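Before any comments, here is the structure.
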Protein chains: 2
Amino acid sequence: MKIAEVSERYAISSDTLRYYERIGLIPLVNRNASGIRDYGEIDIRRVEFIKCMRSAGLPIEVLIEYVGLVQQGDQTIEARKEILKEQREQLVARMVEMQKTLDILDHKIEVYENAVLNKEKEIVQTQG
Amino acid sequence: MKIAEVSERYAISSDTLRYYERIGLIPLVNRNASGIRDYGEIDIRRVEFIKCMRSAGLPIEVLIEYVGLVQQGDQTIEARKEILKEQREQLVARMVEMQKTLDILDHKIEVYENAVLNKEKEIVQTQG
DNA sequence: CCTTGACTTAGAGTCGACTCCAGGTGATAA
DNA sequence: TTATCACCTGGAGTCGACTCTAAGTCAAGG
């Protein structure tokens, strides 16, 4: 699969895919005879993983470290687990903050709905 | 309340508080006789609100627009409501993404736990 | 009186994460 | 054969959101 197809399928720009590879977030992708990237199964799975992690706000640096450990094999499992646990905690913390904000937004929206309704009532009363 | 106290209480640097004021995210704070900011009740509530919205990732630009509308009074209520609804939807979308990521992280962490346990078992078997 | 320390400003610098650009290559279609 | 097009590279530019710097003011303590 060429870069354009991966780009379209996962809504990540080709520039970003190349960028991820350059900084070591995705290991080097195989090339065809003319030097063009040909994404295989494994590459695709890596792209999916990175996209998922990034969409939740995990920092690139941490992901680079994690991907590096994966490359080093089984003796890094403990370290990898610790990274994921740490990131998991931070993710949960962000979600808690977001839930609080969501509650406040919902409350404010409701107040505004009522304000609009009251205004409409007023108009009706003025007219009638 | 002086800037340092607000900064400490809400864990926002003085620089950031001044920055927010400069870009119009927080309306101009009153000053004492020597030109030093003196945050009052209303200012504090604005800081709290902005902190909350920012912690959920609402962009500064949108918040500036919203705060501007608030200053303009009641005839902007409808517009404000629309902004909040739009931001609410985006927030929910981000939270959904994060939940997916959280599930994957939890799964991976569990897999790693098992891997570590199996390794330990192996060692025990080797020893015993 | 002098120093210290918290405040002030305008403006420059940093950081994370892309995003774009110039210039070049190679396969395909007219 | 020439043009088009998708790809390639290294490096520069952008963007959002701060964060820092330099130079200055002022109140309080020694």
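Any read-out appearing in this document is the output of simple, stated calculations on the displayed coordinates, not a laboratory observation. Note that the structure is predicted; figures quoted are calculated from it, not measured. Here Cβ is always computed from backbone atoms with ideal geometry, including for glycine, and neighbour counts include all displayed protein chains.
For the protein assembly as shown, adding -39500 (n - 2.57) for each run of n ≥ 4 DSSP H residues and dividing by the number of residues yields -25500 deg cm²/dmol at 222 nm.
Computing FRET efficiency as 1/(1 + (r/R0)^6) for residue A:72 and residue A:1, where r is the C-beta to C-beta distance and R0 is 35 Å, gives about 0.85.
Projecting the Cα atoms of B:111, B:33, B:55 onto the charge dipole of the protein assembly as shown (Cβ charges, centred on the Cα centre) puts B:33 farthest toward the positive pole. Give me the net charge of residue A:29's neighbourhood, meaning all other residues with Cβ under 13 Å from the Cβ of residue A:29; Lys, Arg count +1, Asp, Glu -1. Neighbour charge sum, excluding residue A:29 itself: +2. Here is the size of segment A:22-68 from its Cα atoms: Rg then Dmax, 11.7, 36 Å. Among the listed pairs A:100/A:121; A:85/B:121; A:85/B:119, those with a Cα-Cα distance over 26 Å are A:100/A:121. Across chain B, the relative contact order, built from alpha-carbon pairs under 8 Å that are at least six residues apart, equals 17 percent.
Annotation: chain A has a Kirkwood hydrodynamic radius of 18.4 angstrom, from the mean reciprocal C-alpha pair distance.
Translational D (Stokes-Einstein, µm²/s) of the protein assembly as shown at 4 °C and 1.567 mPa s when Rh comes from the Kirkwood sum over C-alpha pairs? For the chosen part, D equals 58 µm²/s. Extension gain for residue B:42-residue B:14 works out to 8.3 nm (0.36 nm per residue, less the C-alpha to C-alpha distance). One decimal place: the segment residue A:82-residue A:96 gains 2.9 nm when fully extended, by the rule 0.36 nm per residue minus the C-alpha distance.
Shown here is the pair-distance distribution of segment A:29-97: with all Cα-Cα distances grouped in 10 Å bins from zero up to the longest one, the shares run 18, 41, 29, 11, 2 percent. So how far, in whole Å, is the C-alpha centre of segment A:1-58 from the one of segment B:1-66? One Cα centre to the other: 41 Å. Charging the Cβ of each Asp and Glu at -1 and of each Lys and Arg at +1, and nothing else, the dipole of chain B about its Cα centre rounds to 320 debye. By the Kirkwood approach, averaging reciprocal distances over each pair of separate Cα atoms, segment B:1-40 gets a hydrodynamic radius of 10.2 Å.
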